[in-house]
Amino acid sequence: MNPEKLLLCTDMDRTIIPNGSQPEHPAARPCLRAFCQRPEIQLVYVTGRHRELVQQAMLSYELPAPDFVITDVGTRIYQVVAGKWQESALWQQTIAADWRGRSHEDLRKALSPRSELGLQEASKQSNFKLSYYLPLDADKDSILAWVESCLQQLGVNASLVWSIDEPENIGLLDVLPRNATKLHGIEFLQQQLGYRHDQVIFAGDSGNDLPVLVSPIRAVLVANASKELKLQARQLAHENGQDDALYLAEENNFPLGGNYAAGVLQGVWHFAPALRPQLQQIAPTP
Ligand SMILES: [Mg+2]
């Protein structure tokens, strides 16, 4: 009488969006869409994309409609009801505490003396996300150390996230509140919505998903993830004592395979036996 409910949290690019080099089973996304329509499922997208880019991807790839979206690498959370996006003010207040009342503008001014730091486009900024380009030939370590000490002087509790945009051949630096991460965003929603620990599943594919993949949250790494990331995730989950909370989807473990959306469904099959009958109604299963 009390069907198992599930907060299904998933990364987008190369996790449910098949924009990697591996093939996607043609039934994978239709089955995921059918599964997410079930009343027991609340779907959460957890992504580095900003709102417009999420909406674009939902249209282009015919993705299921989410109930919540954690965007901009964890700095914004939206509830989506009948197509209307409502940002969580409580989440903004929560992460604002890290910046001790300092604004995006305050931080931008403080960091302006370093001309190597080129501010990214307005669409890539948000109240609590300050994003820069940094040429790959710049002295990254000394610049990051300078940024770190500058933020410390302001009393700001920030994390610096460095990555490389390989197609564009440029470095990317995000300055974020320390607690504005994918992991904290998911924990916030879990608590707000009253889900037990065994009613949450996360799916991801790459480096910025690692903190969630190796946390106590039950998580699936889709089969199309790189070999290196699989090794790293397994090792870190082991070090954290979370071997059982990490599942690596396999191409040959499930009729739909384990790439992208099929990997997500495989993870649900693995972690949520109570939902297997529902899965069996919509997808070919083992
Ligand atoms: Mg991804």
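Search the range 190-214 for residues being open to solvent by less than 10 Å² (accessible area, probe 1.4 Å) and not acidic (Asp, Glu), and hand back the single one that is farthest from the ligand (Cβ to nearest atom). Within the range 190-214, the match that is farthest from the ligand (Cβ to nearest atom) is Val200.
The set of residues in the range 263-278 that are free of Cβ contacts under 8 Å to residues at least 60 places away in the same chain and open to solvent by less than 10 Å² (accessible area, probe 1.4 Å) contains only Gln266. Considering Leu144, Leu210, Leu154, Leu134, the condition of being within 14 Å of the chain's Cα centre (by Cα) and in contact (Cβ under 8 Å) with a residue 24 or more places away in the chain is satisfied by Leu210 alone. Checking each residue in the range 58-69 for being over 24 Å from Leu176 (Cα atoms), away from the ligand (no atom under 16 Å from the Cβ) and either open to solvent by less than 20 Å² (accessible area, probe 1.4 Å) or outside the structural domain of Ile16 (by TED's automatic domain parsing) (or both) picks out only Pro64.
Residue-wise test of (1) open to solvent by 30 Å² or more (accessible area, probe 1.4 Å); (2) in contact with a helix residue (DSSP H, G or I) (Cβ under 7 Å, 6 or more places away or on another chain); (3) away from the ligand (no atom under 16 Å from the Cβ).
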| residue | (1), (2), (3) |
| --- | --- |
| Asn19 | yes, no, no |
| Val44 | no, yes, no |
| Gln56 | yes, no, no |
| Thr71 | no, yes, no |
| Ile77 | no, yes, yes |
| Trp85 | yes, yes, yes |
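Checking each residue in the range 136-182 for being surrounded by 19 or more Cβ atoms within 10 Å (Cβ to Cβ) and of a type in the set (Gly, Ala, Ser) picks out Ala158, Gly171, Ala180. For the condition in a helix (DSSP H, G or I) and in contact (Cβ under 8 Å) with a residue 60 or more places away in the chain, Gln190 qualifies.
The values are calculated or read from the model by the stated rules, or taken from the named source; none is laboratory data. What you see is a predicted model; the values in this text were computed from it and never measured. As a convention, Cβ positions derive from the backbone with ideal geometry for all residues, glycine included, and neighbour counts pool all protein chains shown. What goes into the accessible areas is simple: the full protein's heavy atoms, side chains included, and nothing from ligands, DNA or RNA. Shrake-Rupley method; radii C 1.70, N 1.55, O 1.52, S 1.80 Å.
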